[in-house]
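Structure, as structure tokens:
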Amino acid sequence: MAAIIKHRLFWPAVILVVLLVTNVFFSGSFFKVEFRDGHLYGSVIDILRASAPLGLVALGMTLVIATGGIDLSVGAVVAIAGALACLRISGLDDQNSVTGVLLAVGLALLLSLALGVWNGFLVATVGIQPIIATLILMVAGRGLAQLITDGQIITINSSPYKMIGAGYWLGLPLCVIIAVGVAVVAGLIVRRSALGLLLESVGGNAEASRLAGIKSRWLILIVYVFAGLCAGIAGLMISSNVSSADGNNAGLLIELDAILAVVIGGTSLAGGRFSIAGTILGAVIIKTLDITIYTVGIPPEVTLLFKAVVVVVLCLAQAPKFREKFQRRRPSAPATQAPQQKVEVTA
Amino acid sequence: MGTALLSMSGISKQFPGVKALEGVDFRLYQGEIHALMGENGAGKSTLIKVLTGVYDIDEGEIALDGRPVRFAGPQQATEAGISTVYQEVNLCTNLSVAENIFIGREPTKFGRIQWGVMRRRATDLLQRLELDLDVTAQLSTYSLAVQQLVAIARAIDVDAKILVLDEPTSSLDAGEVAQLFRIMRQLKAQGIAIVFVSHFLDQIYEICDRMTILRNGRLVGEHLVADISQLQLVSLMIGKELALLERLEDAGKRSFDAAPAVAQAHDLGRSGAVEPFNLTIHQGEVVGLAGLLGSGRTELARLFFGADKADTGHLEIDGKPVTMHGPRAAMNHDIAYCSENRKTEGLVEELSVRENIILALQAARGWTRPLPRRRQDELVQKYIDALNINPKDPELPVRNLSGGNQQKVLLARWLITEPRLLILDEPTRGIDIGAKAEIQRLVVELSDGGMAVLFISAELEEVLRLSHRIGVLRDRRLVTQLENTDAVDLDRLTETIASGT
Ligand SMILES: Nc1ncnc2c1ncn2[C@@H]1O[C@H](COP(=O)(O)OP(=O)(O)O)[C@@H](O)[C@H]1O
Ligand SMILES: [Mg+2]
């Protein structure tokens, strides 16, 4: 029991349960999942679908933050990837051509990778502080996305592309399968190889890691590239879901939600220890919170305030100092009174 | 002797997995300098932090001036007249010296900080300590030792009844220690009670009146310093007879001219750090480096490891010239470097003992070839046993270990890479006698096994005891190298350091 409470995912999990229960309270059919046309439908499924892109972006962000960095440009990359894919597809003779769509998707992901390389280059090789280095792309990237879409919203009509964000496979939303797949593969790679340890070491103490022979330059490059790729995939999901690309608004402020998801998941912004499972949980919590705001019927003027309050509670729950205080208050089992050896003193 | 100024009784404190204090009593009288003694991990720092409210107490009472007290935090303790310099110096190195001294109690007028007053008062204060510092300079521009003195200056400036100094001298040189002692005597004469923690027995016997000895979180004695011999004290601290401490007699006094050279520096140097020098380290040889703080010992060692880049000369490994691009290149040549600064350059504190131990080996293998977990556990267990690392749990965060055990973890990290040249920079600083003796013995064993060792220590006895040859540095220059024959003793070495010949 004590071990469960101490687990760093305990409080986020509790909050999630509380949110879910609140939803059930206000909408009895909340947990109802229907099977229609071979697809699953229901609020829970909606939450998972909405969490997929955010979860991906936050996943990339987790590894970046583990190295002690941050990536503010993910929102821009989301927009760019969606824009490029839609631009290519809109130029196809047959928008339903699978090869055409795959090519467009491949190109968009390649560009996302390249943008990640750019960030990684600025941070690892040039040595610019991560927040500044990625701020460059955060701002310039929006411009690039606008340039690709020519300032318009590109609308497309392509059923293969629509699959990515809105399609189903084996009854499950494809975007959820993709996000879970990427997270699982990333988790396996990071924990089965020594990558996770080395990232945590670099984030925990960069100079000590250098003197232990860790070449952090490559590691840092890798995580920014991965963050770019994740943002790219998320961008495809988001634009696919609405069959259009909006260079201006797609992925707007998603970097902040992603950072939040990482923090809620128990990864410190200072770098070091990270938790992929925690991040995914964090993303689901954020999206559940969004939905809760609707079901509870919180007036639109106060939604942001309400969200802020929940976030504060969550962050407190993850702060080591706060947790320590809380745990200390719980009456622990009385310490076994060992017969104390009194020592005669001479003074 | 009257009633105690401070009395703590039956204090217990539990950390996850460790009982740091168990029913400890402690009494402090006005105007005394009281030594708190014990090996690393005995609970000295914990007792201090429990007193000042850094940690909560599980059991026990504290009375100040006969009234029961309990502080919710260090600030409260300071307000009640207990001023503390913690073992881990907690200063903001990116602020100026003056700001560090007055942080949290800046002189203000109408709510605005009076910078001029602050600077003047800081300068006055430092002058009392005979420290000639630029109070507007950023603290990080000064050495660790000077930073430590600034922390002490900060502590003595407030109106305190009790001053607690947790290992303040571990990075100070002899002159600085003398300054500190002068101040301590001055404060004592004013009736201030001082709690003093140090691993240097000579310092204890020079300055302290009484002592309290802890072992494994328990009280083992309270004595007048005059009543107890150093030998008795040490056996109380480590809880066994002194077989461990017998001199490592016939280390030294061998000639290595015939042994193959592992590393040779030819006119190796780096401007601003250390002037070009020539130094050869042979297989199985311990080369000691002696010199005052800041004489360039660490800087010299770092060039061998490629931690800094040399800008003149070159290194030869096994007789072949190499360029050291960085630590990894050095590791490929089987060179290992234990930095003097465990906290900032050595350990990754939030990682576990196991992870810290395998870090260098894993770094050398690259991230794609993880060391299998089974092999990790074997290796880690082997070194936890061999070096007697305590507590024995490999999954504990390194942060929770005491200084001596952290040092052993760092050593283990490099020993599992099986280096041929091991560079040890102050491996015994700030650790207790037991661990110190173990590390010294290890150095002898390793060199007997053929490892070349470059050994740096501020303690000349230690350098003399372990080294086959001693390089003496002065003002960032390797001035001479002495074969450690019978003709070389402490006086001779001290003289060489002082005069450079
Ligand atoms: N913050 C902490 N968390 C867990 N264990 C700790 C912590 N601080 C100290 N300890 C443990 O408590 C014991 C006493 O440590 P400490 O008081 O630092 O010893 P000393 O100062 O005498 O060297 C050690 O076993 C150490 O590992
Ligand atoms: Mg201590």
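Among the residues of segment A:160-167, are any surrounded by 20 or more Cβ atoms within 10 Å (Cβ to Cβ), away from chain B (no Cβ under 14 Å) and under 19 Å from A:Thr62 (Cα atoms)?
No: segment A:160-167 contains no residue that is surrounded by 20 or more Cβ atoms within 10 Å (Cβ to Cβ), away from chain B (no Cβ under 14 Å) and under 19 Å from A:Thr62 (Cα atoms).
As for segment B:280-290, it holds no residue that is assigned to a loop (DSSP other than H, G, I, E, B), surrounded by 17 or more Cβ atoms within 10 Å (Cβ to Cβ) and not assigned by TED's automatic domain parsing to the domain that holds B:Thr496. Looking at segment B:296-377, the strands (runs of 3 or more DSSP E) lying wholly inside it that each contain 2 or more residues that are within 12 Å of another protein chain (Cβ to nearest Cβ) and modelled with pLDDT of 90 or more sit at B:335-338. The strands (runs of 3 or more DSSP E) falling completely within segment B:11-106 that include 1 or more residues that are within 16 Å of ligand 1 (Cβ to nearest atom) and open to solvent by less than 10 Å² (accessible area, probe 1.4 Å) map to B:18-28, B:33-37, B:82-85. Being open to solvent by 20 Å² or more (accessible area, probe 1.4 Å) and either acidic (Asp, Glu) or within 25 Å of A:Ala52 (Cα to Cα) (or both) holds for only one residue in A:Ala250, A:Ala231, and it is A:Ala250. Of all residues in segment B:156-176, those that are open to solvent by less than 10 Å² (accessible area, probe 1.4 Å) have Cβ atoms under 9 Å from Cβ atoms of residues that are within 16 Å of ligand 2 (Cβ to nearest atom) and acidic (Asp, Glu), 6 or more apart or on another chain, in B:Asp166/B:Glu88. Selection of helices (runs of 4 or more DSSP H) fully inside segment A:1-82 by the criterion of at least 2 residues being open to solvent by 30 Å² or more (accessible area, probe 1.4 Å) and over 20 Å from A:Ala183 (Cβ atoms) returns A:2-6, A:10-26. Contact map, segment B:387-409: first residue in contact (Cβ under 8 Å) with a residue 60 or more places away in the chain, second residue more than 15 Å from ligand 2 (Cβ to nearest atom) and among the polar types (S, T, N, Q), Cβ cut-off under 6 Å, separation 6 or more or different chains; pairs are B:Val409/B:Asn356. Only one entry in B:Leu6, B:Leu36, B:Leu64 is within 16 Å of ligand 2 (Cβ to nearest atom), touching a strand residue (DSSP E or B) at 6+ places or on another chain (Cβ under 7 Å) and in contact (Cβ under 8 Å) with a residue 12 or more places away in the chain, namely B:Leu36. Can you confirm whether segment A:220-229 contains a residue that is in contact with a Ser or Thr (Cβ under 8 Å, 6 or more places away or on another chain) and within 12 Å of chain B (Cβ to nearest Cβ)? Yes, some residue in segment A:220-229 is in contact with a Ser or Thr (Cβ under 8 Å, 6 or more places away or on another chain) and within 12 Å of chain B (Cβ to nearest Cβ). Number of residues in segment A:85-131 that are in a helix (DSSP H, G or I) and within 30 Å of A:Leu269 (Cβ to Cβ): the value is 20.
Suppose the filter is in a helix (DSSP H, G or I) and within 16 Å of ligand 2 (Cβ to nearest atom); does B:Gln186 pass it? No, not satisfied. Of all positions in segment A:83-97, none carries a residue that is of a type in the set (Val, Ile, Thr) and within 26 Å of the chain's Cα centre (by Cα). Looking across B:Glu345, B:Glu316, one residue alone is charged (D, E, K, R) and crowded, with 18+ Cβ neighbours inside 10 Å. It is B:Glu345. Restricting segment B:403-437 to residues that are within 14 Å of chain A (Cβ to nearest Cβ) and within 14 Å of ligand 2 (Cβ to nearest atom) leaves a set whose member that is least open to solvent (accessible area, probe 1.4 Å) is B:Gln407.
Here's the yes/no breakdown for (1) within 18 Å of A:Met237 (Cα to Cα); (2) not aliphatic (A, V, I, L, M):
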site: A:Ser29; (1), (2): no, yes
site: A:Asp37; (1), (2): no, yes
site: A:Leu63; (1), (2): no, no
site: A:Val77; (1), (2): yes, no
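Got at least one residue in segment B:173-182 being among the acidic types (Asp, Glu) and part of a helix (DSSP H, G or I)? Yes; the residues of segment B:173-182 include at least one that is among the acidic types (Asp, Glu) and part of a helix (DSSP H, G or I). Taken as a whole, the structure places B:Leu466 among residues that are away from ligand 1 (no atom under 16 Å from the Cβ) and surrounded by 23 or more Cβ atoms within 10 Å (Cβ to Cβ). Inside segment B:445-485, residues that are assigned to a helix (DSSP H, G or I) and over 21 Å from the mean Cα position of the chain (by Cα) make up a count of 4. Tally time: how many residues in segment B:212-224 are open to solvent by less than 10 Å² (accessible area, probe 1.4 Å), in contact (Cβ under 8 Å) with a residue 60 or more places away in the chain and either within 20 Å of B:Ala435 (Cβ to Cβ) or more than 16 Å from ligand 2 (Cβ to nearest atom) (or both)? So the count comes out to 4. Of all the criteria given as (1) outside any helix (DSSP H, G or I); (2) more than 16 Å from ligand 2 (Cβ to nearest atom); (3) in contact (Cβ under 8 Å) with a residue 24 or more places away in the chain; (4) within 28 Å of B:Ser45 (Cα to Cα), the one not satisfied by B:Arg441 is (1).
So, A:Val225, is that one surrounded by fewer than 24 Cβ atoms within 10 Å (Cβ to Cβ), modelled with pLDDT of 95 or more and part of a helix (DSSP H, G or I) or not?
Judged against the criteria, A:Val225 is a match.
Among the residues making up segment A:122-138, those that are without any contact (Cβ under 8 Å) to a residue 24 or more places away in the chain and open to solvent by 70 Å² or more (accessible area, probe 1.4 Å) are A:Val126, A:Gln129, A:Ile132.
Considering segment B:189-203, the residues that are among the small types (Gly, Ala, Ser) and not in a helix (DSSP H, G or I) include one that is farthest from ligand 2 (Cβ to nearest atom), namely B:Gly191. Residue pairs whose Cβ atoms lie under 7 Å apart, separated by 6 or more positions or on different chains, with the first residue in segment A:144-156 and in a loop (DSSP other than H, G, I, E, B) and the second crowded, with 22+ Cβ neighbours inside 10 Å, are A:Ile156/A:Cys86; A:Ile156/A:Ile89. A count restricted to segment A:253-302 and to residues that are under 19 Å from A:Ser51 (Cα atoms) and either more than 14 Å from chain B (Cβ to nearest Cβ) or open to solvent by 40 Å² or more (accessible area, probe 1.4 Å) (or both) stands at 33.
The values are calculated or read from the model by the stated rules, or taken from the named source; none is laboratory data. From a predicted model like this one, the values you see are computed outputs, not experimental measurements. So basically every Cβ, Gly included, is an ideal-geometry build from the backbone, and we count neighbours across all protein chains shown. Please note that ligands, DNA and RNA were not included when accessible areas were found on the heavy atoms of the full protein model with its side chains. Shrake-Rupley method; radii C 1.70, N 1.55, O 1.52, S 1.80 Å.
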